[in-house]
Amino acid sequence: MVTKVFLCRDELDEPTRFAYIRAVNCLAAKPALTDKNLAPGAVNRLDDFTYIHINQTNIIHGSGYLLPWHRMFLWQFEEAMRNECGYKGYLPYWDNARFSEDPLSSAVWSGSVSGFGGNGINLHLEPQTVVFPGLTKPFKLPMPGGTGGGCVTDGPFTNFTISLGPVVKPFVDKNNTYGYEPNPRCLSRNFDPASSKGVLTWANATTIVSSHSIAELRGTIEGLWHKNSHTYIGGEGADPFSTTNDPAFYLLHAQIDRLWGIWQGQDLKNREYAIDGNRTFLGIPLDYAPDVPPSLATIEDAMDMGLGFKPKTKEGMPMTKGGFCYIYE
Ligand SMILES: [Cu+2]
């Protein structure tokens with residue numbers, strides 16, 4: 001089997017960058033496969049990914065499944081790009097550490113036909129606090145005011161229409177709790193430099209990959225990196241549920257997957273299948289899935305990847321077994 005090498009997005013050649021964007025737009029033009037009764041707002045193949053991400057958010061974040069679920073999810077996304085849209089490359093990662101002090105110097109946010117476009121229009125938003133639906137104990141998440149908040153106005157996603165979400169709001173929206181209803185709107189971003197500067201740095205990346213245990217790694221990766229890389233992008237990308245509406249999501253998560261991979265590779269024997277964490281977000285019981293006990297996750301637990309695919313957690317852990325065969329540059 002050929003080993004795939006996942007490259008840094010800023011190192012891709014121009015034709016590959018363009019091919020990536022074209023494949024994303026191709027998935028956006030293909031009809032959703034998700035049952036309309038589950039998500040009436042799911043329009044296209046990208047929405048299939050957003051639907052299951054929303055549906056699983058309270059299970060796959062702040063839990064033992066964070067890393068394996070997202071590894072499997074990235075792989076499925078890459079497979080869809082390659083098998084359904086003729087993309088020949090692999091999923092690149094955004095090396096945010098290289099740009100922590102000046103994220104806009106990364107070509108990722110270029111407004112050219114091969115970039116992801118930049119910030120949303122500045123709506124001068126105030127910081128706010130939003131709540132997660134579905135938890136039996138309220139969890140409040142502060143959102144910075146940011147430097148944008150409105151529609152992205154340059155690059156290939158300028159006229160991009162998203163439909164599912166948003167989900168987190170200052171209150172639980174009883175009419176559309178999980179954002180499954182159709183809600184066509186533009187792609188918004190709200191860059192928050194304070195979430196990147198001095199935060200998404202080499203030093204913190206080094207702290208993460210130097211973690212001594214999976215428990216420590218989970219804490220550093222979530223606390224130093226995962227949340228802040230989402231909050232940096234802001235807007236749609238900062239909604240923990242419908243964040244996948246921003247195509248940049250996949251670049252951010254490939255970097256998180258890479259950090260995990262680097263950590264695993266230092267002691268594969270003990271780290272490849274190491275797991276830590278509960279079965280729900282911070283171990284809080286869910287109000288809609290009493291059958292998911294908020295006890296400790298195991299590698300034998302099934303993960304719900306959507307469209308009927310329910311692999312065991314351990315299938316999403318090695319980088320070089322069971323269909324996976326990749327390394328990061
Ligand atoms: Cu996620």
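No value in this document is a laboratory result; all are computed from the given coordinates. Treat the numbers as computed from the prediction; the structure is a model and nothing was measured. So basically every Cβ, Gly included, is an ideal-geometry build from the backbone, and we count neighbours across all protein chains shown.
What fraction, in whole percent, of alpha-carbon pairs in the chain exceed 31 Å separation?
Numbers: 13601 of 53956 pairs.
Percentage above 31 Å: 25.
Through the Karplus equation 6.51 cos²θ - 1.76 cosθ + 1.60, θ set to phi - 60°, convert the phi angles of the range 263-270 into ³J(HN,Hα) values in whole Hz; use x for Gly and Pro.
5, 4, x, 6, 7, 4, 4, 9
How do ASP246, ASP48 line up, fewest other C-beta atoms within 10 Å first?
Details: ASP246 28, ASP48 25.
By the 10 Å Cβ count, ascending, the order reads ASP48, ASP246.
Normalised by the number of residues in the range 4-328, what is the relative contact order in percent for Cα pairs under 8 Å and 6+ residues apart?
On the way: 665 pairs, mean separation 76.3, N = 325.
Normalised by residue count, the contact order of the range 4-328 is 23 percent.
Which ³J(HN,Hα) values, rounded to whole Hz and listed in residue order, are derived for the range 166-179 from phi using the Karplus coefficients 6.51, -1.76 and 1.60 in 6.51 cos²θ - 1.76 cosθ + 1.60 with θ = phi - 60°, glycine and proline given as x?
Values, residue by residue: x, 10, 7, 9, x, 9, 6, 7, 5, 7, 7, 3, 10, x Hz.
Can you sort VAL172, VAL24 so the residue with the fewest Cβ neighbours within 10 Å comes first? Walk me through the numbers on the way to the answer.
On the way: VAL172 16, VAL24 22.
If I rank by nearby Cβ atoms, fewest first, I get VAL172, VAL24.
Where does each of LEU286, LEU251, LEU307 land when they are ranked from fewest to most other beta-carbon atoms within 10 angstrom?
On the way: LEU286 19, LEU251 23, LEU307 15.
Ranking LEU286, LEU251, LEU307 by Cβ neighbours within 10 Å, fewest first, gives LEU307, LEU286, LEU251.
How big is the dipole moment of the chain about its Cα centre under a simple scheme where the beta carbon of each Lys and Arg is +1, that of each Asp and Glu is -1, and everything else is neutral? Debye, nearest 20, please. It would help to have the intermediate numbers written out before the result.
Working: 28 positive and 34 negative charges, 54 e Å.
Dipole magnitude for the chain comes out near 260 debye.
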